[in-house]
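**Q** My questions all concern the structure below.
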Amino acid sequence: MSSSEGKTITVIGSGLIGRSWAMVFMSGGYRVKIYDNQPGQAARAIQEVRKQLEDLQEECMLRGDRSASEQLALLSSHDDLCQALEGAFFIQECVFEEIEAKRSVFQAVESHVGEGVILSSSTSCLLPSNVFSQVQNRKRCIISHPVNPPYYVRLVELVPHPETLPEVMDTTHALMTAVGQAPVRLKKEIDGFALNRVQYAIIAESWRLVKDGVISVKDIDLVMSEGLGMRYAFIGPMETMHLNAAEGLEDYLQRYREGMKRVLNAFGPVPEFSGEAAECINKEMCELIPADQQHLSARRERRDQLLMGLAKLKKAPKTENNGSLLKFRESGEAAVEMSWGALYAQLGGVNKHSTSLGKIWLSVLFIFRITILVLAAESVWGDEQSDFTCNTQQPGCKNVCYDHFFPVSHIRLWCLQLIFVSTPALLVAMHVAYRKRGDKRHIIATALHSGGDDKTRQVDLESLKRRRLPITGPLWWTYTCSLFFRLIFEAGFMYALYFVYDGFAMPRLVKCEQWPCPNKVDCFISRPTEKTIFTIFMVASSAICMVLNVAELAYLIVKALMRCSTRMSKKSRAYAHPDQVITAKSLLQNKKNEMLLSSLTDSSSNKTV
């Protein structure tokens, strides 16, 4: 499973789970064939997938390293089972939760595939020994139970049939990992698997607490979302116990074992989930969220957005530079870092609609400023406080002198400068996105009004994405304003750096007589030459960016004046002076009269002859 290149997966069933599985597999680069026994249903599912992927791409929440159009190119719909299964190495069944339906699907599938193909079911509660009871080659069968919605919640339970081969479990685990899921292995089948057994235990006790009048529906949900869920989003129950006692899990059990047993013995019988209690709980729930489709759809959309945001947050600490929001140094001090990769992705969109000078500016910004700052600043300035020494033992004197000579960290000041300098460019990106959104609505409305086909509309939309907008009209004003504010921010921060540190050179020795120092003391700055060179380099890079901004601003103004001049000349030709028009007409008429007289003279001569 080292590469997904050319490998095909068949998804049987085009409902919510089937579409989600297709999106997950496509994000990993696999070719996906989606099949449904209802004619045309699979093709309609592709349209739903297309809309979801485009929306996710607009929100910058698309999984994988491929664009929405590239992922959609991997997806095909089929109404014929034999065609859908051809060439597939993995079959993911996603039909409705009914044992006979699943059995008939796998019987039909087995007759069309080879012995090496893995047969996987998405069932949430049916045991694999029941689901695959009619399959002959049960060694290749496995349950891959996702959590709804699979695209946003990564967990997948892998449950083997008693005859499942270990390599089938390994291959499925590797596949799920490759497409970005978080697979867990169950060593044997059990009713409810692992997730639902834990979930049902929580639901049952929550139900009993509400039924017995201990707590309301709203508050029991808060117990999970604002209490247990805050921890369980990152660590499980076993690690929670391990961390909640001074000396780990064993210490926790010694402290709370008897209390846990007492509470567990007080649990009541399994609820019926019906009757008066069900009516009361349903009524209270509907008061919080009405059960009509409008409110439910809105809450589901909100849920999906929050889950995707949580998934991105959980993924962030695993990256080192591009995605890391919080990094802990060896000393334990937390250091906030910019997500420079995300910033580059946003500015890259602006770069597409920039002039040549704007493209050079972005290269200078990232190559000579951000890259150097990220790679070298910490090693140059990391010792500015630890190696700042003063020839006194007076408590607090060293810290006060350091704060006096370094009121603002160079690194933080440069990071703030880069953020402010980059922000105006984001205004251009917002303007371009607004223009393209309006054009997209116009294309869709025109296609619907004229009755055009979907293929033509998709071609127009793809062309719109690639189109470069001319820097004219309102976009010209936005672009020039962004250049003006860039210049202001660059100059302002350069002046601030010069003013705060009395120049760009770093002295080796400084005199300090701040309280509580007993007298004027000498303080020494480590590696002043290296710090001076680094400061001058950053200032020079900033100056180059200012020159590029001035040149680009002048270029845009000259181009605008030339366009205005061209328009004025066209207008002057279109609205010529009336006397000039009359003169031109008179000359034309005189020419015609001369020609007429000449012809009459020739005619008279002929008659005389």
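The values are calculated or read from the model by the stated rules, or taken from the named source; none is laboratory data. Note that the structure is a prediction, hence the values are computed from the model and not measured. Note that we place each Cβ from the backbone using ideal geometry, even for glycine, and neighbour counts take in every protein chain shown.
**Q** Go through (1) surrounded by 15 or more Cβ atoms within 10 Å (Cβ to Cβ); (2) within 23 Å of residue 175 (Cα to Cα); (3) not polar (S, T, N, Q) one by one and return the number of the condition residue 43 breaks.
**A** Answer for residue 43: the failing condition is (2).
**Q** Something else about it: For region 50-59, check the following and say yes or no: at least one residue is under 25 Å from residue 171 (Cβ atoms), surrounded by fewer than 19 Cβ atoms within 10 Å (Cβ to Cβ) and either touching an Asp or Glu at 6+ places or on another chain (Cβ under 6 Å) or free of Cβ contacts under 8 Å to residues at least 60 places away in the same chain (or both). Even if it seems obvious, please write down each step before you answer.
**A** Residues of region 50-59 under 25 Å from residue 171 (Cβ atoms): none.
Scanning region 50-59 turns up no residue that is under 25 Å from residue 171 (Cβ atoms), surrounded by fewer than 19 Cβ atoms within 10 Å (Cβ to Cβ) and either touching an Asp or Glu at 6+ places or on another chain (Cβ under 6 Å) or free of Cβ contacts under 8 Å to residues at least 60 places away in the same chain (or both).
**Q** Can you tell me how many residues in region 178-215 are touching a Pro at 6+ places or on another chain (Cβ under 6 Å) and not assigned by TED's automatic domain parsing to the domain that holds residue 280?
**A** Residues meeting the conditions: 1.
**Q** Right, next: Would you pick out the residues in region 141-176 that are part of a helix (DSSP H, G or I) and surrounded by 15 or more Cβ atoms within 10 Å (Cβ to Cβ)? Outline the logic, then answer.
**A** Initial filter on region 141-176 (part of a helix (DSSP H, G or I)): 166-176.
168, 169, 171, 172, 173, 175, 176 - these are the residues of region 141-176 that are part of a helix (DSSP H, G or I) and surrounded by 15 or more Cβ atoms within 10 Å (Cβ to Cβ).
**Q** Which of the residues spanning region 232-275 are farther than 26 Å from residue 208 by Cα and touching a residue at least 60 places away in the same chain (Cβ under 8 Å)?
**A** Selection gives 234 alone.
**Q** Output the residue which, of all residues in region 14-37 that are under 17 Å from residue 109 (Cβ atoms) and among the polar types (S, T, N, Q), is surrounded by the fewest Cβ atoms within 10 Å (Cβ to Cβ).
**A** In this case the residue turns out to be 37.
**Q** A follow-up question, please. Check 17, 34, 9 and return the single one that is farther than 25 Å from residue 309 by Cα, under 26 Å from the mean Cα position of the chain (by Cα) and in contact (Cβ under 8 Å) with a residue 60 or more places away in the chain.
**A** The unique qualifying residue is 9.
**Q** Oh, and also: Kindly indicate which of 87, 116 is in contact (Cβ under 8 Å) with a residue 12 or more places away in the chain, surrounded by fewer than 16 Cβ atoms within 10 Å (Cβ to Cβ) and touching a strand residue (DSSP E or B) at 6+ places or on another chain (Cβ under 7 Å). Steps first, answer last, please.
**A** Working: 116 fails: touching a strand residue (DSSP E or B) at 6+ places or on another chain (Cβ under 7 Å).
The match here is 87.
**Q** Considering only region 460-518, how many residues are in a loop (DSSP other than H, G, I, E, B) and either free of Cβ contacts under 8 Å to residues at least 40 places away in the same chain or within 30 Å of residue 397 (Cα to Cα) (or both)? Lay out the reasoning, then the answer.
**A** Filtering region 460-518 for residues in a loop (DSSP other than H, G, I, E, B) gives 467-473, 502-508, 513-518.
Imposing the further condition that a residue be either free of Cβ contacts under 8 Å to residues at least 40 places away in the same chain or within 30 Å of residue 397 (Cα to Cα) (or both) reduces the set to 467, 470, 473, 502-508, 513-518.
Total satisfying the criteria: 16.
**Q** Would you confirm whether or not region 365-386 contains a residue that is at pLDDT 70 or above, within 31 Å of the chain's Cα centre (by Cα), within 23 Å of residue 483 (Cα to Cα) and loosely packed, with under 14 Cβ neighbours inside 10 Å?
**A** yes
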